[in-house]
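Peer 1: Dropping the structure in here first, questions after.
Bear in mind that the values in this text are calculations on the coordinates, not laboratory data. Keep in mind the model is a prediction, meaning the values are calculated, not measured. Note: ideal-geometry Cβ built from the backbone for every residue, glycine included; neighbour counts use all protein chains shown.
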Amino acid sequence: MLVRPTLPALRGVVEALWAADTVPGNRHRAGREFVLPDGRMHLAIRLGARPLRLYAGRDDSRGLAIADTVVAGPYTRAYLKDLSDPGPSVGAIFRVGAAQALFGCEPAELIDRHWPLAQFGSAADETLRDRLNSEISPLRRLQCLQELLAGRLRRVHGLHPQVAHSLQELRRGAPIADLVAASGYSHRRFLDLFRRAAGMSPKRYARLVRFRRVLAMAGGDLAWTEVALVGGYSDQAHLIREFREFSGLTPQAYRHAARSHRRHVPAPAMR
């Protein structure tokens, strides 16, 4: 997978761009995988008009085709997707604030959901998608994607300064009570400002950031007691509870899974 930073004009809302060439013969082909949450929005464009198919759960054999270009998340739980039609794709990982700046919607509308990009229609989208499908070079595809996003960028108010500060501090593990006290706002007002920007409470956001940090360590050889300590959990039992809630797996089952990516875990074959 090719990952690149984005244009200066987009850096306030786009964290990174990626391009992937998945070819037939992929080891998880004809299967399904769980995608674990990380609290961030993203956009994925599957080239060749191959719609994304999601499943309601392990027992859902039909699934639901969404679209070939989807806006997703922020997700606060794992979701199950189809892998039987591999092919090239491009996408973007967004920062808090992207929902309004790029799609003109409240972030709460996107929580734990995938939407077709057409839902937030722009006349230029179809033309740029055609260009993406005609490009062979991943770098050129990323350039086209940046044009698509730049064309969508709206004039909106930036993040509230206290929210922007809190996002940085929560990623460093700061206690929420300290952030509320430093903001000068009441607890209720602070939560309202944060939810309007992020689509979720600061507590939920902080838990997802912590889970993402633990996933980066879970593939190594550290003992789970150490992972829990370094990751900011009170103890190993706390880590296991959080891991189960967000992934549906125990930490050890995750470590033994034949993952292609930190957040992508193959689902057992249906019987």
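Peer 1: How high is the relative contact order of the chain, given as a whole-number percent (alpha carbon pairs under 8 Å, six or more residues apart)? The partial results should precede the final answer.
Peer 2: On the way: 459 pairs, mean separation 59.9, N = 271.
Relative CO of the chain lands at 22 percent.
Peer 1: Using the Cα centre as the reference, give the magnitude of the dipole from point charges on the C-beta atoms of the stretch 2-152 (Lys, Arg: +1; Asp, Glu: -1; all else neutral), rounded to the nearest 20 debye.
Peer 2: 320 debye
Peer 1: What does the convex hull of the alpha-carbon atoms of the stretch 140-190 project to on average, in nm²?
Peer 2: The Cα convex hull of the stretch 140-190, projected and averaged over all directions, gives 5.3 nm².
Peer 1: Put +1 on the Cβ of each Lys and Arg and -1 on the Cβ of each Asp and Glu in the chain; which of 216, 179, 3 then has its Cα farthest toward the positive end of the dipole?
Peer 2: Sorting the options by dipole projection puts first 179.
Peer 1: Find how much the distance from residue 50 to residue 177 grows on full extension, using 0.36 nm per residue of separation minus their present alpha carbon separation; answer in nm with one decimal. Can you show the working numbers first?
Peer 2: On the way: separation 127, 0.36 × 127 = 45.72 nm, distance 4.59 nm.
Between residue 50 and residue 177, full extension yields an extra 41.1 nm.
Peer 1: Only Lys, Arg, Asp and Glu count, each charged at its Cβ (+1, +1, -1, -1), so figure out the dipole size of the stretch 161-259 about its Cα centre, rounded to 20 debye. Could you put the intermediate results ahead of the total?
Peer 2: Details: 16 positive and 8 negative charges, 81 e Å.
I would put it at about 400 debye.
Peer 1: Between residue 153 and residue 134, what is the label-point separation in nm under the 7 Å Cα-to-beta-carbon projection?
Peer 2: Placing both labels 7 Å beyond Cα along the Cβ direction yields 2.5 nm.
Peer 1: May I ask for log10 I(q)/I(0) of the chain at q = 0.09 Å⁻¹, from a Debye sum over the Cα atoms as equal point scatterers with solvent left out?
Peer 2: Those come out to -0.44, one per q.
Peer 1: What number, rounded to the nearest 500 deg cm²/dmol, is the helix-based mean residue ellipticity at 222 nm of the chain, given -39500 (n - 2.57) per DSSP H run of at least four residues and division by all its residues?
Peer 2: -12000 deg cm²/dmol
Peer 1: For a Förster distance of 25 Å, can you work out the FRET efficiency between the beta-carbons of residue 105 and residue 258, rounded to the nearest 0.05?
Peer 2: Approximately 0.10, to the nearest 0.05.
Peer 1: Per residue Cα convex hull volume for the stretch 93-136, in cubic angstrom? Present the calculation step by step, with values, prior to reporting the outcome.
Peer 2: Values: hull volume 4.4 nm³, N = 44.
Taking the convex hull of the Cα positions in the stretch 93-136, it is 100 Å³ per residue.
Peer 1: Select from 156, 122, 143 the residue farthest towards the positive end of the dipole of the stretch 99-166; place +1 on Cβ of Lys and Arg, -1 on Cβ of Asp and Glu, and compute about the Cα centre.
Peer 2: 143
Peer 1: What's log10 of I(q)/I(0) for the stretch 84-207 at q = 0.19 Å⁻¹, Debye sum over Cα points only, no solvent?
Peer 2: Here the Debye-derived log intensity ratios amount to -1.05.
Peer 1: For the stretch 161-259, max minus min Cα coordinate along each principal axis, in Å, sorted largest first?
Peer 2: 45, 22, 19
Peer 1: Right, another one. In vacuum, with every alpha carbon of the stretch 2-152 counted as one equal point scatterer, what does the Debye formula give for log10 I(q)/I(0) at q = 0.09, 0.12, 0.21 Å⁻¹? Two decimals, please.
Peer 2: -0.27, -0.48, -1.53
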